Amino acid sequence: VALTLEARRRPRPDEPSAGWPSSSASPPVGAAILVAAAATGAAGLFFEVAAIRVLTGAFDGTASAFGTIVAAQLFGGALGAGLARALKPGAVSLPTSFACGAFGVALAALLLAGAGTLLRSFAATGVIGTETLTACCLVAPSAALTSFLFVRVIVLAADNPEGLANLTAASAAAAAAAPLLGGVVLLPLWGTPSLLVAAVTSLALGGASAVRAQGASTPANAKRTRIAIALSLAAIVLVAGGTRSSRLFAWPLSHGERSIFLSDSADGVVRVEESATGSMRLRTGSRFLDGGEESRFGERRQGYLPLLLHPAPRDVLVLGVGTAATLGAVAQDPEVAHIDAVELSSEVLSSLTLFTWADGGLLTQPRVRLRHADARA
């Protein structure tokens, strides 16, 4: 369809070419502006991946969680693009726009820490679509800012089809690379906050590229450049200092309870809590508990019953270790010769030492092998 419309629009050789854009109508797009365009794509996807991790934990992985968050991202992007087209292109310099965008995304990153509070506030009012409203409030503003900046950049090549294509390609390539870099490098090394720092840093680098492209030939431009750089650095410091994992995953605690362990990695986020009575439990979501001392009777029974039903249990496979209560029950049977305990999350395995009541020397028994893998494999 697009090729057909293009063929109809393009003038024939015997017709005047007025109105058809020519790449010679404007100067070529330089590398610095391409970097600025790439920065908008990278920042948008770095923030989206972090938001998905934080909000799916707050929403407890409901079936609609992922789609709701992506919809909020696209909704915000549409709003930002519309706002950029409505404003005059020269109203604010491009470096200043990037600096303000970096600061705005930093503020949006800080607000992610209030996802649980906002969700409960909406739920208390009885309003319909609490997850959708929460996602729109926390994800759409950041998406609007990055989309706004992208449109501000591509306006520079409005009369240059080749330059416009290059800018769009640069942004799309960076948007594709950001989740890969975030998931393979940043997240395993430094956790979810590193994705938010990367989003703000990307916009700061985009602003620096815009400064290089536009130059600072006049005192007024030089002053605006210094302000933009200072604002970008402040945004990086703000997001780096205010988005610790303990803030982003501040799942609710009752009176007298406290968090004693939190791990945020590529495998997911887990938290070990101590209740007011001193009992331990493992939390993997805002409302989802994955075992603990308060439920140990039922968890140990899940290990005893299969052993009683089997005539001669020798080799046992435990699907999901959790707090090791079920595994500990299985290991009490002297007739069992070998136990494979398979856990999908390495962070759950790293928290086992906090549940000494459950393992009872389990981790040092030669017949017990803990495996970090998918039980189906």
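The values are calculated or read from the model by the stated rules, or taken from the named source; none is laboratory data. Here the structure is a predicted model, which is why all the values come from computation and not from measurement. Cβ atoms come from the backbone with ideal geometry, glycine included; neighbour counts cover every protein chain shown. All accessible areas refer to the heavy atoms of the entire protein, side chains included, with ligands and DNA or RNA removed. Shrake-Rupley method; radii C 1.70, N 1.55, O 1.52, S 1.80 Å.
Counting pairs of alpha carbon atoms under 8 Å apart in space and at least six apart in sequence, what relative contact order in percent does region 298-342 give? That works out to 49 percent.
Note on the chain: Rg/Rh from Cα positions, Kirkwood definition for Rh, rounded to two decimals, is 1.12. Please identify, among VAL185, VAL35, VAL92, the residue showing maximal mean-square fluctuation in a Gaussian network model of the chain using a 10 angstrom Cα cutoff. Maximum fluctuation in the GNM of the chain, among the listed residues, is at VAL92.
Where a ≥ b ≥ c are the square roots of the eigenvalues of the C-alpha gyration tensor, would you call region 129-266 rounded, which needs a/c under 1.5, or, failing that, prolate if a/b is larger than b/c, or oblate? Because a/c hits 1.5 or more and a/b exceeds b/c, region 129-266 counts as prolate. Does region 48-170 come out rounded, prolate or oblate by the C-alpha gyration tensor, with a ≥ b ≥ c the root eigenvalues, rounded set by a/c under 1.5 and, if not, prolate when a/b is larger than b/c and oblate if not? Prolate, because a/c is 1.5 or more and a/b exceeds b/c. Between SER64 and ALA7, full extension at 0.36 nm per residue minus the direct alpha carbon distance yields a gain of 16.4 nm.
Could you pull out which residues in region 153-193 have an amide N less than 15 Å from a spot 7 Å beyond the Cα of SER259, following the Cα-Cβ vector? Hits in region 153-193 for SER259 at 15 Å: 191-193. Applying 1/(1 + (r/R0)^6) with R0 = 35 Å to the Cβ-Cβ distance of ALA71 and ARG247 gives a FRET efficiency near 0.85. Assign one of three labels to region 67-135, namely rounded, prolate or oblate, based on the Cα gyration tensor with a ≥ b ≥ c the square roots of its eigenvalues; rounded applies when a/c is under 1.5, prolate when it is not and a/b is larger than b/c, and oblate otherwise. Taking the square roots of the gyration eigenvalues as a ≥ b ≥ c, region 67-135 is prolate. With each label modelled as a point 7 angstrom along the Cα→C-beta vector, the ALA123-VAL184 pair spans 3.8 nm.
Under 13 Å from the 7 Å Cα→Cβ point of ALA377, by amide nitrogen: which residues of region 338-355? It comes to 343-346, nothing else.
Please report the antiparallel percentage of DSSP beta bridges with both residues in the chain, rounded to the nearest 5.
Here the share of antiparallel DSSP bridges comes out near 55 percent.
Choose one answer from LEU317, LEU248, LEU164: the residue with the largest mean-square fluctuation in a GNM of the chain with alpha-carbon springs under 10 Å. Greatest mean-square fluctuation among the candidates belongs to LEU317.
How many Å² of accessible area per residue for region 86-218, probe 1.4 Å?
43
Taking the average, over residues, of other Cβ atoms within 10 Å as the packing measure, peptides 120-126, 176-182, 195-201, 279-285 rank 195-201, 279-285, 176-182, 120-126 from highest down.
The accessible surface of region 318-377, taken with every protein chain in place and a 1.4 Å probe, is 54 percent carbon and sulfur.
With the helix formula -39500 (n - 2.57) applied to DSSP H stretches of n ≥ 4, the chain reaches a computed 222 nm mean residue ellipticity of -19000 deg cm²/dmol. The per residue volume of the convex hull around the alpha-carbon atoms of region 139-202 is 82 Å³. With Cα atoms as the point set, region 253-342 shows a radius of gyration and Dmax of 15.3, 47 Å. Based on Cα contacts under 8 Å between residues 6+ apart, the chain shows a relative contact order of 19 percent. Take the Cα of LEU317, step 7 Å along the line toward its Cβ, and report every residue of region 334-377 whose backbone nitrogen sits under 17 Å from that point. Residues 337-345, 368-377 qualify, since their backbone N sits under 17 Å from the label point.
Helix hunt in the chain: which complete DSSP H runs extend at least 15 Å axially by C-alpha with mean Kyte-Doolittle at least -0.5? Result, helices passing both filters: 31-58, 65-86, 94-111, 115-125, 130-154, 161-181, 192-214, 219-242, 296-309.
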